[in-house]
Amino acid sequence: MKLYCLSGHPTLPCNVLKFKSTTIMLDCGLDTTSALYYLPLPLVHSPRLSKLPGWVSKDGTVNLEKELKECAGRVFVDSQPEFCLPERELLDLSTVDVILISNYHCMMALPYITEHTGFSGTVYATEPTFQIGRLLMEELVTFMERVPKAQSATCWKTKEIQRRMLPGPLKDAVDVWSWRTCYSMQEVNSALSRVQLVGYWQKVELFGAVQVTPLSSGYSLGSSNWIIQSHFEKVSYVSGSSLLTTHPQPMDQSSLKNSDVLILTGLTQIPTANPDGMLGEFCSNLAMTIRAGGNVLVPCYSSGVIYDLLECLYQFMDSANLGTTPFYFISPVANSSLEFSQIFAEWLCQNKQSKVYLPEPPFPHAELIQTNRLKHYTSIHGEFSSEFRQPCVVFTGHPSLRFGDVVHFLELWGKSSLNTIIFTEPDFSYLDALAPYQPLAMKCVYCPIDTRLNFHQVAKLLKEVQPLHVVCPEQYTQPPPAQSHRSDLMLELQPPPVAYRRCSVLGLPFRRRHERIQLLPEVLMNYK
Amino acid sequence: MPDIKVTPLGAGQDVGRSCILVSIGGKNIMLDCGMHMGYNDDRRFPDFSYITQNGRLTDYLDCVIISHFHLDHCGALPYMSEMVGYDGPIYMTHPTKAICPILLEDFRKITVDKKGETNFFTSQMIKDCMKKVVPLNLHQTVQVDDELEIKAYYAGHVLGAAMVQIKVGSESVVYTGDYNMTPDRHLGAAWIDKCRPDILITESTYATTIRDSKRCRERDFLKKVHESIERGGKVLIPVFALGRAQELCILLETFWERMNLKAPIYFSTGLTEKANHYYKLFITWTNQKIRKTFVQRNMFEFKHIKAFDRSYADNPGPMVVFATPGMLHAGQSLQIFKKWAGNEKNMVIMPGYCVQGTVGHKILNGQKKLEMEGRATISLRLIDGVCASVIILEVKLQVEYMSFSAHADAKGIMQLIRMAEPHNILLVHGEAKKMAFLKDKIEQEFNISCYMPANGETTTVTTNPSVPVDISLNLLKREMALGGPLPDPKRPRTMHGTLIMKDNSLRLVSPEQALKELGLSEHQLRFTCRVHLQDPHSDTDTLSRIYSHLKSVLKGYAVQHLPDSTVMVESIVLKVSSSAEEPDLKVVLLSWCFQDEELGSFLSTLLKKGLPSAL
């Protein structure tokens, strides 16, 4: 049994498991942090961005002023943003039989894998993962296509220039030649046509050799962990999971018991922050800004934590006497995301589930919409520009601050210290995200809400389910670089976990001894 | 041999009161727990005393599964669980769990509040009963206990309707509940994988009907409604609050919009709003088209259809009213029917099946004079009197029947059988005569047994389950190596191994390993035989000739000519000798061990035929 590791990002994994002659890809996450090296894509012409000086090397020998621009001491690529794909050279992707998706954030690279590689297999995902994944891809494509950029910069990628001449952090970016621009809607549709929907605890037979089963993982709508087993061997794949009580169905831990191998990915990216505390801070900062007459900008994904934020604000705003403050949710898929969240009762936690029996919508944002306190728009153009009132709270993407409507709000509100931007998504460093907007007068608050398992929870979980071997990204086997003394922020196990990094190929340590066959009753009768 | 027993307590050669008991692998399962619309006495509910005479059912049943929310499938549930007594799990899908208590409460109200019956289940009992419900998701495998597992499939029919597969070990039964094989305006078509159950228990409501295309029926329906409205008549459509009602509402709504019609459409019960809300929240259970477009336009938000008030029935002018219940056996639909029955301009359209004994059934059979118990229209004081009066109602309005109820027709039933590939079929939920016809047809076309037990009659089907055995991977790999890298999966192959039965498990291992494990020493069994050959050559030459002969015949075997004047074929030894008296009569000595018996006997037969002269 072998594991091919195609992604080095611990929360956006892409691994391929070869087990009993089947080749199973576990997730295909798209690392969009590469977009941080690029200049933002403004929705309306930005004189500030267009006036940024081009970059010329100190000795003047290299002139890339068309491709690279300097802003507040940093160098950015002036081009359509590109993303870091899972490794495609390590193994022939046309041999992949199936792809198992654990949650909608971990499927964003799907079109790169299923299109143009000869892939002809099936993708398995739950219905919410599929539907919301489609929305997020659609949103990404719209963000990119609505502000097309003529130029595509490649000269800066030349090894001699990038490694030797460019300043950091651009200098340290890896594998820049494998970065790709966004896919098209046509590729998204084609990729998604390969998805077969599954329910939690549905046993799916692969070629009669292996059985795969999705389990509830508690992280997001329809998010799942996977059991991959034969009659005698069991591999558990744990991806983004949560033990906190938010909107999704709680995590199924007991089904993970007795695994020979447990592949562990998708732990919290902010192990030092407590999501509940962050939520409190989010509310108090929001209230403070609104009271002072400022606006609040919340860069976020269009599904996920936003539902919890809205629910939390639904209760908080009245108690804080701010009941009249309008919320705006701006995204090409805002309406769809809000509508879809209401129809997946089966995938929600118990108390939300019981609401539909009344029948009432499971999320209170239905009431916020009905009472006109929450309004959603496809973009800043059109109705929104005539309807919006200040002070207000705006939820919009993309959290990288490089594309989407959020770019416009930063240009609009960035100059006033009355306004606040509150970061809730943990995927991007907020300092890096803000770099091309400096200098910025707006207040910045960092309240990352990452509900995924922390090291304490995962240690407890592993103690309970007792896997024989644990495989995890190398990042989990040492403390975070910034907190090297925190030995509690790493996995300490006996036997020690098998660590992987991008492009690792691991031989997983177990031997198969038995196989199950069926004896026909006619044969058995002979022994009577 | 193990067997599976199936006993219908209701719906055996009948429609209504669905309740089927299944015994499989030592587990007892109750499928559906319905009431009969045609009866008002004890026959209304299944006879649970069949299961046990004394007391509670919990000890006798492992689980109860409800296929959908129609009362003929769940109407007896609170009676069974709370009044007879059952505390085990009751499985149903989420939409069924949401809607079923509402219909039960409605049923209770009509029976107790309107008809004044006592000794009926209470609202509290409905609530307590629903607490025992465990929701089922489609395709999820639910482990009821260590051995019994169930899995739900989409059945169409009504919102949340499911077919269930019940599995113990390698034995399984599929129960269809009511299903629909063609998608309609709001639901999709039933689907099941090729799960090859031992028994497929299928409904057979429309066993002998092959229905024309849905489009024609829809056109017909709209034409009739339209004509009636044009001449100023009133149209009554008795429906159940959820299900067909929504489909017909979508149909009329789009027609009204297209034709720009002004006549009012009403929906009779307070349930409407609520019912439509359920459809919106459970949109994932509707058909593909509605699911795809629900964000832009929700099909369950009606513009033309308004809530009905009792007083509207006397309004002049045309109108269309959807009223519950669907078989005209009680409630508002019956009240309106009584008001409108005398006018030939009016029309009643029965969009679904009506069980025997209901007013719906009677008028569909052309009855023009109906005896009505006066209770509903006469004040209570009279009922308290000697006896309820009887009113004769003349039926002058047009009676139309339109089969909109979403059951599979004969074609659909055959289609499902082809999908699931069962070993046996058992028909329920249909009329005996029609069942018998379908039974013949199934037996002819699929050449499998088909049963149609009556209520209380047990059908026993003997199963032939295969036995799972653990085989050592070494043995399997060794076998595979013998037959080349890729064995043909479709061709049987004999293999040697030792079956060890120990600690309730079966293992197939190589003979050597078995000997080692069991601490036995190996005994060798050898066969020897002499074959006489006329061959005028020296012994050595004869042996060489045999060698070349075997070499040419036995391609792919290890044939060796050894220096000690023997030929070896695998483990088989061949020697040649002759006596001095008859040097041309050679005696070939063959010796082989038991494992090579097949090859050994082949060789001896071959040599007996002599050597070809060409050698």
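Quick notes on this one:
- Protein-only accessible surface at a 1.4 angstrom probe places the residues A:Arg513, A:Arg74, A:Arg164 in the order A:Arg164, A:Arg513, A:Arg74, largest first.
- Size of chain B from its Cα atoms: along the principal axes, largest to smallest, the extents are 126, 56, 45 Å.
- Distance between the 7 Å Cα→Cβ label points at B:Ser521 and B:Ser565: 3.3 nm.
- Restricting attention to chain A, close to 45% of DSSP beta bridges with both partner residues there are antiparallel.
- Whole-percent pair-distance distribution, where bins are 20 Å wide, for the alpha carbons of chain A: 21, 54, 22, 2, 0
- Alpha-carbon centroid distance for the pair region A:12-60 / region B:546-615, whole angstrom: 75 Å
- Tail weight of P(r) past 23 Å, computed on alpha-carbon pairs of region A:304-442, percent: 41 percent
- Within straight-line cross-link reach of B:Lys555, lysines at Cα separation under 20 Å, skipping those fewer than 8 residues along the same chain: B:Lys608, B:Lys609
- Inter-chain Cβ neighbour average for residues B:591-601, partner chain, 10 Å: 0
- Long-range Cα-Cα pairs in region B:1-131 (distance over 20 Å), rounded percent: 41 percent
- Restricting the calculation to Cα atoms, region B:219-345 shows an Rg/Rh of 0.97 when the hydrodynamic-style radius is the Kirkwood one.
- Once the Cα-Cα distance is subtracted from the 0.36 nm per residue extended length, the A:Thr158 to A:Ser319 segment shows a gain of 52.3 nm.
- If you take the Cα centroid of region A:237-289 and the Cα centroid of region A:451-496, the two points sit 14 Å apart.
- Scattering curve values for region A:196-270, log₁₀ I(q)/I(0), Debye with Cα scatterers, q = 0.14, 0.19, 0.22 Å⁻¹: -0.44, -0.77, -0.99
- Overall form of region A:394-448 per C-alpha gyration tensor (a/c, 1.5; a/b vs b/c): rounded
- Dimensions of region A:253-380 from C-alpha coordinates, computed as largest minus smallest value along each principal axis and given longest first, are 57, 39, 30 Å.
- Charge tally in the Cβ shell below 15 Å around A:Pro359, where Lys, Arg are +1 and Asp, Glu are -1, A:Pro359 excluded: -1
- Among beta bridges that DSSP assigns inside the protein assembly as shown, antiparallel share in %, nearest 5: 55 percent
- Listed values for region B:563-569 are Karplus-derived 3J(HN,Hα) couplings in whole Hz (6.51 cos²θ - 1.76 cosθ + 1.60, θ = phi - 60°), namely x, 7, 6, 10, 10, 10, 10, and x replaces Gly and Pro.
- Distance-filtered residues of region A:220-259 - backbone nitrogen under 11 Å, label point 7 angstrom along A:Glu464 Cα→Cβ: A:243-244, A:251-257
- Ordering of A:345-356, B:148-159 by burial proxy (mean other Cβ atoms within 10 Å per residue, highest first): B:148-159, A:345-356
- Rolling a 1.4 Å probe over the protein chains gives A:Trp201 an accessible area of about 70 Å².
- Hydrodynamic analysis of region B:140-199 uses the Kirkwood radius over alpha carbon pairs. Inserted into Stokes-Einstein at 25 °C and 0.890 mPa s, it gives a translational diffusion coefficient of 203 µm²/s.
- Per-selection Rg to Rh, region A:102-243 - Cα, Kirkwood hydrodynamic radius: 1.07
- Nearest 10 degrees, 0 to 90: helix B:331-340 Cα axis against chain B principal axis: 50 degrees
- Here, region B:6-74 has an Rg and a Dmax of 11.8, 37 Å when only alpha carbons are counted.
- Ordering of B:41-51, B:20-30 by packing is B:20-30, B:41-51, highest average first (other Cβ atoms within 10 Å, averaged per residue).
- Where labels lie 7 Å past Cα in the beta-carbon direction, separation of B:Phe602 and A:Thr245 in nm: 7.2 nm
- Charge sum, other residues only, whose C-beta stays under 10 Å from B:Glu301's C-beta, Lys/Arg counted +1 and Asp/Glu -1: +2
- Proximal lysines to B:Lys224, defined as alpha-carbon separation beneath 19 angstrom and excluding residues fewer than eight positions away on the same chain: B:Lys214, B:Lys234, B:Lys262, B:Lys345, B:Lys396
- Where Rh is the Kirkwood radius over Cα pairs, Rg/Rh for region A:396-528: 1.28
- Compared with the dominant principal axis of the Cα atoms in chain A, helix A:455-465 is inclined by about 20°.
- Centre-to-centre separation between the Cα atoms of region B:147-198 and those of region B:260-329: 28 Å.
- Degrees between helix B:271-281 axis and first principal axis of chain B (Cα, 0 to 90, nearest 10): 30 degrees
- Taking every protein chain into account, the 1.4 Å probe leaves A:Phe455 with about 20 Å² of accessible area, to the nearest ten.
- Viscosity 1.306 mPa s, 10 °C: Kirkwood-radius Stokes-Einstein D of region A:279-343 over Cα pairs, µm²/s: 125 µm²/s
- Sorted from longest to shortest, the spans of the Cα atoms of region B:68-220 along the three principal axes equal 51, 44, 25 Å.
- Relative frequency of Cα-Cα separations exceeding 14 Å in region B:55-130, percent: 59 percent
- Within region A:57-171, all pairs of alpha-carbon atoms sorted by distance into 10 Å bins from zero give the percentages 11, 30, 27, 23, 8, 1.
- Tensor-based shape of the protein assembly as shown (alpha-carbon gyration tensor, a/c under 1.5 rounded, otherwise prolate or oblate): oblate
- Ranked by the mean number of other Cβ atoms within 10 Å of their residues, highest first, the peptides A:254-265, B:460-471, B:543-554 come out as A:254-265, B:543-554, B:460-471.
- Gain on full extension, evaluated as 0.36 nm per residue between B:Thr118 and B:Arg478 minus their Cα-Cα distance, stands at 122.2 nm.
- Once C-alpha pairs closer than 8 Å and six or more residues apart are averaged by separation and normalised to the residue number of region A:239-319, the relative contact order reads 29 percent.
- Whole-Å semi-axes of region A:2-120's equivalent ellipsoid (Cα gyration tensor): 38, 15, 12
- Interface area, A with B, accessible, probe 1.4 Å, both sides summed, Å² nearest 100: 3300 Å²
- Dividing the summed helix terms, -39500 (n - 2.57) for each DSSP H run of n ≥ 4, by the number of residues in the protein assembly as shown produces a 222 nm estimate of -7500 deg cm²/dmol to the nearest 500.
- Shielding by other protein chains, B:282-289, mean Cβ within 10 Å: 3
The values are calculated or read from the model by the stated rules, or taken from the named source; none is laboratory data. Please read all numbers here as calculations on a predicted model, not as lab measurements. FYI the Cβ positions are ideal-geometry reconstructions off the backbone, even for glycines, and counts take in every protein chain you see. The accessibility values were calculated without ligands, DNA or RNA, using every heavy atom of the protein model including side chains. Shrake-Rupley method; radii C 1.70, N 1.55, O 1.52, S 1.80 Å.
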